[in-house]
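Chemist: One structure follows; several queries about it will come next.
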Amino acid sequence: MEMLCDAVFEGGGVKGIGLVGGVCGLEAAGYSFRNVAGASAGAIVASLLSVGYTGAEIREEMLKLDFKKFQGEDWLAKLGLPGKAAKLILTNGVYKADYLEGWLGALLKRKGKTRFGHIRVSNPAGGNAQYRFQAVASDLSESRMLVLPRDLVSFGIDPDRFNITKAVRMSMSIPVFYEPYILTDADGRKHVIVDGGLLSNYPMWLLDDRRSNPSYPTFGFKFSSSTSEEPYGEDFQQVSQLPAFLKALARTSLDAHDKHYISVSKGDYQRSITISSVAAINGKHTPVSSVDFAIKSDTQEALFNNGLRAAKVFLRTWDFDKWKDTYRNGPRRRR
């Protein structure tokens, strides 16, 4: 029996294959995804689900990827550390995201759904679900969060005509690593847009107002640096010279947000599928960073299996009616 659900995907850089494992776990249990949202790598997974890809199809495409190509280098960046430093000064980012845009754009085109108008919800239940997919990004020029495609209206842009790939590109523009996305508003002002994880890496609030009595569950897919799938664990790394510093800066930008949020929100931890970002290979446990672009296939497979296992463990105790009684309706009164 098919069951509907909404889902929110946390950003996690190259760890995104773990999210796909979680998706496959829910699909195996009979769930089908309705409205989805995410930040950074979570936006990539969510966008593919919104146009009709299954978890198995996304896994197949991601396992083909050479993540090193995501580090698009022009001639200046190829000059080594001095060139990368110069690139950072000139463009506010070391790498280009052309490969990511081309890869994702081709996948969306394969399903015949490339613009937000193609995934508009015909009968939205509320203002938060006008499109099957939403992403968050950070507007540095106005120091504010953007919810895409909704906030494109403030730029004088018709959301229906906007390219889904461009929204994902904005959401995953890891500061320092990638050149920011430049979005021009109706007055000709150029806004500098970077990774949505800076402001909300786990935007559960996008699909649930926390007041209504939902007909379908909203699940969250979140990473943990613990091997026991606890929400947080020690993930200490040495930070010394510039390359390590830049890597740590990007890792912190993606991983350090929303830690307090999930611990104090009512019911969000209980509906979160917590996926370990520690890869267990041949008895060795290795924490995987969001920016480990040299990630190997066996590590990707380990992360996928972490997500698959996390979903199965979560579903053993998940009870939607009980969750609603506890966090929405209040305890049922005995007569």
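Chemist: Compute the length gained on full extension between Asp187 and Trp323: take 0.36 nm times their separation in residues and subtract their Cα-Cα distance, giving the result in nm to one decimal.
Modeler: 44.3 nm
Chemist: Mind giving me the FRET efficiency for Asp98 and Arg150? R0 is 22 Å, r the Cβ-Cβ distance, nearest 0.05 is fine.
Modeler: Working from the Cβ atoms, E equals 0.25.
Chemist: Can you compute the modelled spin-label distance between Ser143 and Lys109, with each label point 7 Å from Cα toward Cβ, in nm?
Modeler: Each label point is offset 7 Å from its Cα along the Cβ direction, giving 4.1 nm.
Chemist: Ok, one more. Based on the Kirkwood radius over alpha-carbon pairs, what is the Stokes-Einstein translational diffusion coefficient of the stretch 109-173 at 20 °C with 1.002 mPa s viscosity, in µm²/s?
Modeler: Approximately 174 µm²/s, per Stokes-Einstein.
Chemist: Which percent of Cα pairs goes in each bin when the distances of the stretch 139-193 are cut into 10 angstrom slices starting at zero?
Modeler: For the stretch 139-193, the pair-distance distribution reads 24, 61, 15, 0.
Chemist: Going down the table (Lys166/Lys190; Lys109/Lys312; Lys190/Lys266; Lys113/Lys296; Lys69/Lys109; Lys64/Lys111), which pairs top 27 Å between alpha carbons?
Modeler: Lys109/Lys312; Lys190/Lys266; Lys113/Lys296
Chemist: Moving to a separate point now. Say each of Leu63 and Ala294 gets a label point 7 Å from the Cα, pointing the same way as Cα to Cβ; how far apart are those two points in nm?
Modeler: 2.4
No lab work stands behind these numbers, since they all come straight from the coordinates. Given the structure is predicted, the values throughout are model-derived calculations rather than measurements. No Cβ is skipped: glycine too gets one built from the backbone with ideal geometry, and neighbour counts run over all protein chains shown.
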